[in-house]
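So the structure is just underneath, and the comments pick up after that.
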Amino acid sequence: MLSADFTTSGDLVAVQQQPTGAPDLDELRRRAAAAPQREGGLVICENLVRIYQTEGVEVQALQGLDLAVAEGEMVAVIGASGSGKSTLLGILSGQDVPTAGSAEVAGHDLLTMKRRDRLSYRRSTVGFVWQQTSRNLLPYLSAAENVMLPMTYTGLKRSQRRARAEELLGLLSVGHCRDRTPDTLSGGEQQRVAVAVANANEPRVLFADEPTGELDTATSDDVFAALRRANEELGVTVIVVTHDALVSEQVQRTVRIRNGRTSTEVLRRVATGEDGAEVLTAEEYAVLDGSGRLQLPSEFTERLHLRKRVRLALESDHIGVWPDDAARRAKSDAEEAEKAKTTQDAASGGPNAEAAR
Ligand SMILES: Nc1ncnc2c1ncn2[C@@H]1O[C@H](COP(=O)(O)OP(=O)(O)OP(=O)(O)O)[C@@H](O)[C@H]1O
Ligand SMILES: [Mg+2]
């Protein structure tokens, strides 16, 4: 059996035996050739770190996050407030710079990107939709003019820009809004126009940070349908942060961020059952990073009192994770205490009296 240690955030790290002596050059070459190629993807984050320093206080918003999104995917990102979702989107959309690690979008290295490249990256490689409807659109321009605005530097003629704006608005079912200013549109219409604005320059990736956060359920569905339409019809890769469980269930893949790291992923696919009927299946996976780290769900570790280290057993088709002696003792102590409490309750007619009988 191999042993494994927990880090302070509950990650499991396999402790591997170090080979004796330093490897020679041939050995290093051999290892490099044998190493798995970095998984391809339009968006690739590896060990991404973002630390904010404010008034001497350090906040680790991203703590070694890994993420790979393939071209054409639509991925929902979920997680508790403060888990780092907006920080991630800020970095990927070129508004913020990571502290360490690597982040690549459509071949652009976001750590080393120069200021001027960053501007053109934000204009043409990515699009962004904010939660606040007022932040996405200029109030004194009509919907069509808002969509035309990002195309100013593309070299397209005004008539071409107008035609593309109208085409996008039509595709997202807000063609009827084209000559109206945002204050005359509903919240859902404003967000659908915002999706059109974000797609104006044919971006490779569209980011949306809780685009339905200020809307009711029915209106949210329309905005989400617009994002799906952009994904399916325009081929743009979509990464959407949402708190809405119903929304996240409509995508093939949902990534959960915990403490600045991707912790679990839910993959949904349509499978054909034995009776020939199509059923939608959803499976939850823990994320395994490039160094073999894995975050165990707290409901698992708490139930078995797993704390600092566990034992690992390699079976033919899975890996077993076992409590160490300390965890076994803690579990049996807790069970003894629970039993004693129930017996005491039974004697005194307390709340657990029924269970004890
Ligand atoms: N500019 C900043 N300066 C200092 N700390 C920041 C800054 N931006 C974010 N943080 C901190 O980084 C952590 C992650 O914040 P982030 O906004 O990414 O979370 P979130 O998952 O988007 O949360 P929410 O669901 O509430 O929007 C939080 O602890 C937050 O307080
Ligand atoms: Mg946020």
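Rule-based calculations on the coordinates, nothing more; no lab input. These numbers were taken from a predicted model, which means no experiment stands behind them. Cβ atoms come from the backbone with ideal geometry, glycine included; neighbour counts cover every protein chain shown.
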*Out of the DSSP beta bridges found with both residues in region 43-286, what percent are antiparallel (nearest 5)?*
65 percent
*What does the charge add up to near residue 334, with Lys and Arg as +1, Asp and Glu as -1, over the other residues with Cβ less than 14 Å from its Cβ?*
+2
*Between 92, 280, 168, which gets the highest mean-square fluctuation from a Gaussian network model of the chain, Cα cutoff 10 Å?*
280
*With a Cα-only, solvent-free Debye model of region 157-312, what are the log10 I(q)/I(0) values at q = 0.12 Å⁻¹?*
-0.69
*Please go through region 120-151 and write out the chymotrypsin sites (Phe, Trp or Tyr not before Pro) that DSSP classes as loop and that have at most 16 other C-beta atoms within 10 Å.*
140
*Mind checking the full-extension length gain between residue 202 and residue 274? Use 0.36 nm per residue of separation minus the Cα-Cα distance, one decimal, nm.*
21.7 nm
*P(r), alpha carbons of region 65-161 - 10 Å bins starting at zero, rounded %*: 12, 38, 35, 14, 1
*√(5λ) per eigenvalue of the Cα gyration tensor, region 43-286, largest first, Å*: 28, 25, 17
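Please give the net charge around residue 106, taking every other residue with its beta carbon less than 11 angstrom from that of residue 106, where Lys and Arg add +1 and Asp and Glu add -1. Could you put the intermediate results ahead of the total?
Numbers: positive: 204; negative: 71, 104, 109.
Residues near residue 106 contribute -2 overall.
If each DSSP helix of 4+ residues adds -39,500 (n - 2.57) and the sum is divided by the residues in the chain, what number results at 222 nm, nearest 500 deg cm²/dmol?
Numbers: 12 runs with 116 residues, N = 357.
Mean residue ellipticity, 222 nm, calculated: -9500 deg cm²/dmol.
Go through region 151-210 and name the trypsin sites (Lys or Arg not before Pro) that are in a DSSP coil and have 14 or fewer other Cβ atoms within 10 Å of their Cβ. Spell out each step's value before the answer.
On the way: sites: 157, 158, 161, 162, 164, 178, 180, 192, 204; in loops: 157, 178, 180, 204.
Listed in order of number, the matching sites are 157.
Computed over the Cα atoms of region 221-309, what is the ratio Rg over Rh, Rh following Kirkwood? Walk me through the numbers on the way to the answer.
Working: Rg = 16.8 Å, Rh = 15.8 Å.
My calculation of the ratio gives 1.06.
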*Mean projection of the alpha-carbon convex hull of region 131-228 over all orientations, in nm²?*
5.8 nm²
*Range in the chain, longest, excluding exposed GluC sites (Glu not before Pro) [loop by DSSP; at most 14 other beta-carbon atoms within 10 Å]*: 72-248
*Just report the Cα centroid separation between region 158-203 and region 221-246, whole Å.*
16 Å
*Reachable lysines from residue 341, criterion Cα separation under 30 angstrom, eight or more residues apart if same chain*: 308, 331
